[in-house]
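The values are calculated or read from the model by the stated rules, or taken from the named source; none is laboratory data. The shown structure was predicted, so the numbers you read here are calculated from the model rather than taken from an experiment. Please note: Cβ atoms are built from the backbone with ideal geometry, for glycine as well, and neighbour counts cover all protein chains shown.
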């Protein structure tokens with residue numbers, strides 16, 4: 001829909017903590033907690049969307065999501081009795097039947113494929129996707145056609161946060177240690193936005209390409225220049241793409257083909 005979520009880390013981290021806490025304190029299977037994590041993130045996404053998406057000026061949405069993410073981080077950092085704060089939450093189980101990194105790789109691969117398929121079908125082959133694209137292209141005209149723009153904005157945001165919650169849950173049950181500075185930090189949001197900017201906006205495949213480039217580059221730079229310079233280099237790369245290749249890699253490929 002063309003909305004930039006600067007609070008992505010909040011919903012990713014919320015899914016991670018929800019799934020871990022349900023598995024640890026309630027004894028729910030991680031497979032069930034995976035879905036509940038998505039629902040929890042979606043519920044908070046609905047609340048955040050209702051508050052921030054009522055206005056046409058999208059700067060309000062950006063500021064609200066950014067503020068929500070920082071609020072979530074501080075709550076998890078200071079609610080020590082529940083999340084253990086900066087000491088980290090640990091002791092919860094991994095997914096039953098997933099015992100090795102190879103197993104987890106194939107699980108993540110299946111999850112990625114299913115997510116891309118669902119998003120593609122939703123965006124290209126449903127009336128809902130058509131409405132989303134219409135709002136992105138011309139919000140005022142879409143509203144004049146009798147479509148409740150605010151409702152569909154919130155719905156789009158809820159779908160996005162649902163997938164963020166699922167991803168956070170998968171991350172939690174793989175890493176098996178959660179801290180607010182790990183899953184709720186602004187770097188999570190920056191990485192997500194960077195993947196889109198580098199790979200190409202308004203595409204399904206672009207962010208996947210951006211994710212591969214981002215992760216590989218991040219790991220290589222971490223070995224040679226450390227975490228701080230790694231973030232500096234990544235920020236510089238985002239600036240280069242935003243200024244000189246605004247459509248990302250997929251946009252550049254399309255222009256070359258055309």
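Here are a few things to note about the model shown:
- Scanning the stretch 113-134 for residues being at pLDDT 90 or above, assigned to a helix (DSSP H, G or I) and more than 20 Å from the chain's Cα centre (by Cα) gives a total of 5.
- Pairs linking a residue in the stretch 85-106 that is within 16 Å of residue 19 (Cα to Cα) to a residue that is part of a strand (DSSP E or B), with Cβ atoms under 9 Å and 6 or more positions apart or on different chains, are 88/177; 88/178; 89/177; 89/178; 90/177; 90/178; 92/178.
- When residue 178 is tested against the conditions (1) assigned by TED's automatic domain parsing to the domain that holds residue 84; (2) buried (at least 17 other Cβ atoms within 10 Å of the Cβ); (3) farther than 19 Å from residue 8 by Cα, the lone failure is (3).
- Residue satisfying all of: in the stretch 1-35; surrounded by fewer than 21 Cβ atoms within 10 Å (Cβ to Cβ) and free of Cβ contacts under 8 Å to residues at least 24 places away in the same chain; nearest to residue 84 (Cα to Cα) among these: 25
- Qualifying residue in the stretch 86-104 (condition: farther than 24 Å from residue 7 by Cα, within 22 Å of the chain's Cα centre (by Cα) and part of a helix (DSSP H, G or I)): yes
- The residue of the stretch 75-84 that is farthest from residue 20 (Cα to Cα), among those that are in contact (Cβ under 8 Å) with a residue 40 or more places away in the chain and within 23 Å of the chain's Cα centre (by Cα), is 77.
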